[in-house]
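The structure under discussion appears below in the form of structure tokens.
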Amino acid sequence: MDQGELRMRADALRGEHRELDEMLTRSSQAGIPDQVAHARFKKRKLRLRDEIVAIEALLIPDIIA
């Protein structure tokens with residue numbers, strides 16, 4: 001993948017991460033949240049964050065000081 005594709009992928013993942021964050025907020029505000037679904041959302045959100053960080057690491061050039 002070139003840098004443009006990596007940036008687009010990271011942006012898409014950030015959007016999905018935001019959507020999961022909103023879903024988690026809504027589910028916790030609704031009476032009794034489904035604990036299993038809530039845990040799955042959190043786990044997915046963490047995986048997305050890890051993938052975003054990995055992509056960002058590829059985009060930052062290695063500079064030897």
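The values are calculated or read from the model by the stated rules, or taken from the named source; none is laboratory data. Everything quoted here is computed from the prediction, not taken from an experiment. Using ideal geometry, Cβ is built from the backbone for each residue, glycine included, and neighbour counts are taken over all protein chains shown.
Here is how the numbers come out for the structure above:
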{"item": "MET1 being hydrophobic (A, V, I, L, M, F, W, C), part of a helix (DSSP H, G or I) and either surrounded by 10 or more Cβ atoms within 10 Å (Cβ to Cβ) or under 18 Å from the mean Cα position of the chain (by Cα) (or both)", "result": "no"}
{"item": "Residues that are free of Cβ contacts under 8 Å to residues at least 12 places away in the same chain, under 21 Å from LEU58 (Cβ atoms) and of a type in the set (A, V, I, L, M), drawn from the range 3-41", "result": "MET8, ALA12"}
{"item": "Identity of the residue in the range 15-35, modelled with pLDDT of 95 or more and surrounded by 14 or more Cβ atoms within 10 Å (Cβ to Cβ), that ends up nearest to the chain's Cα centre (by Cα)", "result": "HIS17"}
